[in-house]
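Participant: Have a look at this one.
The values are calculated or read from the model by the stated rules, or taken from the named source; none is laboratory data. Fair warning: this is a prediction, and the values are worked out from it, not measured in the lab. When we count neighbours, we look across all protein chains shown, and the Cβ atoms used for this are built from the backbone with ideal geometry, even at glycine. For the accessible areas, the whole protein counts, side chains as well, though only heavy atoms, and no ligand, DNA or RNA atoms are used. Shrake-Rupley method; radii C 1.70, N 1.55, O 1.52, S 1.80 Å.
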Amino acid sequence: IQDKINKLNNFCITKSIRFYVNFIPELRDLKDYKFNKQTDLIKSLLKKNNIKYYDSINLLKEYNEADLWVSKNDSHANNTAHKVIADFLFQNIFKNDQNKSTNRKNVQPMVFTENSLIIKPGMVFFMHMILMDGEVQLAMN
């Protein structure tokens, strides 16, 4: 995985694209999270390679887990969860922007499920990865 992340980071650098990683946790058992070891491993790799990252888990712990799911049988992030994450990332990515006039009105909205916007240059895209740990038989998004 390190080679793939570095390749993506290097591509972004050559194209003057800001590259960030956001950890979106498995949305079941947020208060007793099972993937801290795996998350810390990836964070260590990112730190080693000077790649900026954010972690949504503490923010999402504030919500009733079921309110963030697509359905009772599908714990993937729903529209509410995506909006919460998008707002969190906006605040963190743009709050220290050198252009102090940056605000939600002059930045392209982030793309997420059920958002009817047409994709245009300057928008933020979420890439979904599933990481598996065969040793403990767990997988995380």
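Participant: Would you check if there is a residue in segment 35-48 being open to solvent by 40 Å² or more (accessible area, probe 1.4 Å) and closer than 28 Å to S116 by Cα?
Facilitator: No, segment 35-48 contains no residue that is open to solvent by 40 Å² or more (accessible area, probe 1.4 Å) and closer than 28 Å to S116 by Cα.
Participant: Within segment 9-40, track down each residue that is in contact with a Phe, Trp or Tyr (Cβ under 7 Å, 6 or more places away or on another chain), aliphatic (A, V, I, L, M) and not in a loop (DSSP other than H, G, I, E, B).
Facilitator: V21
Participant: Could you grab me the full set of residues in segment 4-23 that are open to solvent by 50 Å² or more (accessible area, probe 1.4 Å) and of a type in the set (A, V, I, L, M)?
Facilitator: Those that are open to solvent by 50 Å² or more (accessible area, probe 1.4 Å) and of a type in the set (A, V, I, L, M): L8, I13, I17.
Participant: Return yes or no: is D133 in contact with a helix residue (DSSP H, G or I) (Cβ under 7 Å, 6 or more places away or on another chain), at pLDDT below 70 and closer than 24 Å to L30 by Cβ?
Facilitator: Judged against the criteria, D133 is a match.
Participant: Something else now. Would you call N6 in a helix (DSSP H, G or I) and closer than 20 Å to Q91 by Cα?
Facilitator: Working: in a helix (DSSP H, G or I): yes; closer than 20 Å to Q91 by Cα: no.
Spelling it out, it is not the case that N6 is in a helix (DSSP H, G or I) and closer than 20 Å to Q91 by Cα.
Participant: With of a type in the set (A, V, I, L, M) and more than 14 Å from the chain's Cα centre (by Cα) as the only criterion, which of L46, L30, L60 stands out?
Facilitator: Going through L46, L30, L60 in turn, just one is of a type in the set (A, V, I, L, M) and more than 14 Å from the chain's Cα centre (by Cα): L30.
Participant: Given the criterion open to solvent by 70 Å² or more (accessible area, probe 1.4 Å), at pLDDT below 95, closer than 30 Å to D3 by Cβ and not aliphatic (A, V, I, L, M), identify the matching residue among N92, N96, N73.
Facilitator: N96
Participant: I've got another one for you. Residues to consider are I57, I1; find the one that is touching a strand residue (DSSP E or B) at 6+ places or on another chain (Cβ under 8 Å) and surrounded by 14 or more Cβ atoms within 10 Å (Cβ to Cβ).
Facilitator: I57
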